Number of protein chains: 4
Amino acid sequence: MLKMNFKMKAEFYDVDSMGVVWHGNYVKFIESARCAFLDAIDFNYLRMKECGFVLPVVKFDIKYIKPIRFNQDFEVEVCLLEFDSFLKFRYELKDGEGSRLSVANSAQVAVWVESKETCFNLPEPLQKALSRAVRAFG
Amino acid sequence: MLKMNFKMKAEFYDVDSMGVVWHGNYVKFIESARCAFLDAIDFNYLRMKECGFVLPVVKFDIKYIKPIRFNQDFEVEVCLLEFDSFLKFRYELKDGEGSRLSVANSAQVAVWVESKETCFNLPEPLQKALSRAVRAFG
Amino acid sequence: MLKMNFKMKAEFYDVDSMGVVWHGNYVKFIESARCAFLDAIDFNYLRMKECGFVLPVVKFDIKYIKPIRFNQDFEVEVCLLEFDSFLKFRYELKDGEGSRLSVANSAQVAVWVESKETCFNLPEPLQKALSRAVRAFG
Amino acid sequence: MLKMNFKMKAEFYDVDSMGVVWHGNYVKFIESARCAFLDAIDFNYLRMKECGFVLPVVKFDIKYIKPIRFNQDFEVEVCLLEFDSFLKFRYELKDGEGSRLSVANSAQVAVWVESKETCFNLPEPLQKALSRAVRAFG
């Protein structure tokens, strides 16, 4: 399936008193990578809003393998898993040598802004943009 | 002028790799205390929104005197300074013995949500609520 | 198994542009509740550090059921699941009517600070404190 | 005096319920820019720690001029102001057209890790690195 990699760096404010990135901050790195993925396929949150829907996260899980330290460079690989009812991604955080630091998964559903109703299937324009990207780069 | 005190505690996620609360997290403690103050005078952000305005922070300064450590209890004293063009507060963070940990100041202006225009003076309902509170408790 | 409940409130800085608590901020509420649990059984992170170990989170998962809004009061129920190799907790976030907002799970392992080695079993003093609490309140 | 510019982007998690970057998150952008500046002169926080000192922020002030929105690109200009007793920087956040979004100032002092004593003057190796950078690029 379609995969993209994004470079990141651990900032001072990301690090906790054990000298490693605080486990809750991984959610930020992952969201940042997911947004960059959606930017790359030209269907980011702003575009969704124009189409009348938002895409809240409904499930998230993460496994921490190796710590990330202050000023450390790492990559987040975003892998598109599924896009019918849910938009599902898998993430792998890797250090400079390609060794895995963390793996995570997210699931999102579309909700119409006006009616506040959850869509059973992802809205067509989003599905099309994802299909197009899979055909082009996947 | 009107003063109120709010009890807080430093959480694990607030602390940086030097073992003290990260300096940027004081903005959260202070916002939390300011919101509790506005709740107490019965004019919180939700009420403002109903009246059609928001109250963004336009200036903030802080001096750090003593560090705050994990699990430490402290108080934020919120002191109302001014409420004509700007809503101005002064804050003192104090430890259990009353010794000062930090002092800060904020200034906010009112902006009408619909027109996006800044108000030259704080909207009347907010000014009235503040005057009433000053007479009652100040 | 042993359960404890902690009251919390969603702050302005917790809320995202969709007007609900940003999904990553639940990790903070949950950590805050877990620390309060460990305080209550008199074996918090400071005590662990004195014993020479830390307790990093190695796994975390969460399901979001209903959104939490600005200024909303809610409770985090912390339920101790297991404490031999891993310290495992289950969390339920509930609103004022007891309806579930979110459910989550965490797993932690003990790591000796000096040797940086992971313990196969949680250190004895922590296991004893947990057993004692289960007998007393569970 | 010596100035450097760093490109940044506002993430979804940076934005509050008014649809603009939450005012407290500017502290992160500014810290990130300051750390990049110190990296560039080859004297970052890791190097300071090797030299036995840390550099806590003791004063910070900020003025918010224009809001920053989700996904907006902006720059942080870091300008070195002073480096004898205090390390002082001035920051300007600018949008793509160079118009000012925010201005801020920070002051830091050096504290010896072992003795926990504050230095009256910044440690010599840091002063030298800063002088060298000013001569080379200022």
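Taking every residue in C:28-34, how many Cβ atoms of other protein chains lie within 10 Å of its Cβ, on average?
Taking all residues of C:28-34 together, the mean is 3.
Between A:Ser131 and the same site in the other copies, what are the distances in nm, shortest first, taking label points 7 Å from Cα along the C-beta direction?
Spelled out, the distances from A:Ser131's label point are 6.1, 6.4, 6.8 nm.
Could you tell me the accessible area of D:Ser99 in Å² (1.4 Å probe, neighbours in place), rounded to the nearest ten?
Roughly 30 Å² of D:Ser99 is accessible to a 1.4 Å probe.
At 7 angstrom along the Cα-to-beta-carbon line, where would the label on B:Gly19 sit relative to the other copies? Give the distances in nm, shortest first.
1.2, 4.6, 4.7
Angle between the Cα long axis of helix D:124-137 and the longest principal axis of chain D, 0 to 90 degrees, nearest 10?
Once rounded, one gets 50 degrees.
Which value, in debye to the nearest 20, gives the size of the charge dipole of segment A:1-77 about its Cα centre, when Lys and Arg are +1 and Asp and Glu are -1 at the Cβ?
For this selection, approximately 160 debye.
Could you put A:Asp16, C:Asp39 in order of accessible surface area, largest first, with the 1.4 Å probe and the full protein assembly present?
Descending order: C:Asp39, A:Asp16.
If you place +1 on the Cβ of every Lys and Arg and -1 on the Cβ of every Asp and Glu, how big does the dipole about the Cα centre of segment B:33-138 come out, in debye to the nearest 20?
Computed about the Cα centre, the dipole is about 160 debye.
To one decimal in nm, how far is B:Ala40 from the same spot in the other copies, if labels go 7 Å from Cα toward Cβ? Please give the shortest first.
Relative to the other copies, B:Ala40 has label-point distances of 2.8, 4.5, 5.1 nm.
If you rotate chain A onto chain D, whose Cβ in A ends up lying nearest the axis, and how many Å away is it?
Checking which Cβ lies nearest the axis yields A:Lys28, 5.
Compute the semi-axes of the equivalent ellipsoid of the protein assembly as shown, taking the square root of 5 times each eigenvalue of the Cα gyration tensor, and list them largest first in whole Å.
Ellipsoid semi-axes (Å, largest first): 33, 31, 29.
Pop the C-beta distance of C:Val103 and D:Asn121 into the FRET formula with R0 = 60 Å and round what comes out to the nearest 0.05.
0.65
What whole-number value in Å² describes the accessible area per residue of chain C for a 1.4 Å probe?
46
For B:53-59, what's the mean count of beta carbons from other chains sitting within 10 Å of each residue's beta carbon?
4
Find which of C:Val76, C:Tyr64, C:Gly98 sits farthest along the positive direction of the dipole of chain C, computed with +1 on the beta-carbon of Lys and Arg, -1 on that of Asp and Glu, about the Cα centre.
C:Gly98
Mind giving me the nanometre distance, one decimal, between the label points for A:Asp42 and B:Leu46, set 7 Å out from Cα along Cα→Cβ?
Result for the modelled spin labels: 4.3 nm.
Based on DSSP H runs of at least 4 residues, each adding -39500 (n - 2.57), what is the mean residue ellipticity at 222 nm of chain C after dividing by all its residues, to the nearest 500 deg cm²/dmol?
-8000 deg cm²/dmol
What's the angle, to the nearest 10 degrees (0 to 90), between helix D:26-40's Cα axis and the longest principal axis of chain D?
Here the helix axis deviates by roughly 50 degrees.
How large is the charge dipole for the protein assembly as shown, taken about the Cα centre, if only the Cβ atoms of Lys, Arg (+1) and Asp, Glu (-1) carry charge, to the nearest 20 debye?
Roughly 0 debye, rounded to the nearest 20.
Looking at chain A as a GNM with Cα springs under 10 Å, which of A:Phe89, A:Phe29, A:Phe70 has the largest mean-square fluctuation?
A:Phe70
Obtain the nm distance between the two label points defined at D:Lys66 and A:Val113 by a simple spin-label model: each point lies 7 Å from its Cα along the Cα-to-C-beta direction.
Roughly 2.2 nm, to one decimal.
The values are calculated or read from the model by the stated rules, or taken from the named source; none is laboratory data. Not measured: the values here are computed from a predicted model. A quick note on method: Cβ atoms are made from the backbone with ideal geometry, for glycine too, and the neighbour counts reach across all protein chains shown. Calculation scope for accessible area: heavy atoms of the full protein, side chains included, ligands and nucleic acids excluded. Shrake-Rupley method; radii C 1.70, N 1.55, O 1.52, S 1.80 Å.
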